[in-house]
1. Name the residues in region 224-263 that are under 20 Å from E148 (Cβ atoms) and assigned to a strand (DSSP E or B), would you?
2. Restricting the search to region 62-76, which residues are surrounded by 15 or more Cβ atoms within 10 Å (Cβ to Cβ) and away from the ligand (no atom under 16 Å from the Cβ)?
3. For F83, indicate whether it is in contact (Cβ under 8 Å) with a residue 12 or more places away in the chain, more than 10 Å from the ligand (Cβ to nearest atom) and among the aromatic types (F, W, Y).
4. Which number in (1) closer than 18 Å to R187 by Cβ; (2) assigned to a helix (DSSP H, G or I) marks the one condition that V120 misses?
Amino acid sequence: MRPVLAAISIACFASGMPFSTRLVGSLTESLFSGLAGLADLAVPPQCLMCDTLTAEPGACCAQCWQKLRFISEPYCAISGRPFEYDPGAGAVSPEVLAAPPPYNRARAAVIYDSASKGLVTRLKYGDRLDLAPWMAQWMVRAGRELLEPGVIVLPVPLHATRRIGRRYNQSAELARHVAKSCGLDCRPGLLTRSRKTRQQVGLSASKRERNVAGAFRVPAQARGVVRGSNLLLVDDVFTSGATANAACRVLLRAGAARVDILTFARVEPTATEALYTA
Ligand SMILES: [Zn+2]
């Protein structure tokens, strides 16, 4: 007998009140379930990055917030890579002029560093799907010029076996929330990963390109939607661009009118490889 039930039973016995154990039991169960419900409601909001208490949900504590490096203009009009100085509106970086990417524009919310890596890792491996809507809000702000009416949102797909291991595709979760908050269509089925690629960690830029070449496919039943569409491809991290470029080329070959890229974070070209091991 639970202590509370025992206490009620003893109280009833002492007062000479008749009691039914079943009735008292059900009252006690209700009391317990009610308290559990209240406890759920009473969980105070926590920092998305370190779990310390915050004033409102979906926020970071002051310390974590300071560590995040949000990307804002000036940046390359095409790749979205931040400029150290302002070369004027619409300026394009020298590397994009030298080797134009297949995508139309790429944007990201934050620089990928040890702080933002914590959030990406929590979402990807930590079963913290509750982070996705908040991270998506930052992406919506960073990619507002890409989120035009009629744009179809889709995630960079995981290979089926990798998705089983991880149970969900973190990029699909971000894509779903980005699309939902802008009233756009999210169509994860437009692109599939037909080949399992090795992790890009430790590979040079040219090896990364080769690793993902031929990894993506537009299924026959999706071609009608892709043809002539303006697409927004969503991923968690933009590293060398090899994955985004490979996916983008496949979509363009299938007839997409335009493909933009929106990621939560982007790696700085000067970043060390140690960061990539997320
Ligand atoms: Zn924090």
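Bear in mind these aren't lab numbers, they're just calculated from the coordinates by the rules spelled out. It should be emphasised that the depicted structure is a prediction, and the values quoted were computed from it without experimental measurement. Neighbour counts are summed over all protein chains in view; Cβ atoms, including those assigned to glycine, are modelled from backbone coordinates with ideal geometry.
1. Matches in region 224-263: N230, L231, L232, L233, V234, D235, R258, V259, D260, I261, L262, T263.
2. I71, Y75, C76
3. Answer is no for this residue.
4. Condition (1) is where V120 drops out.
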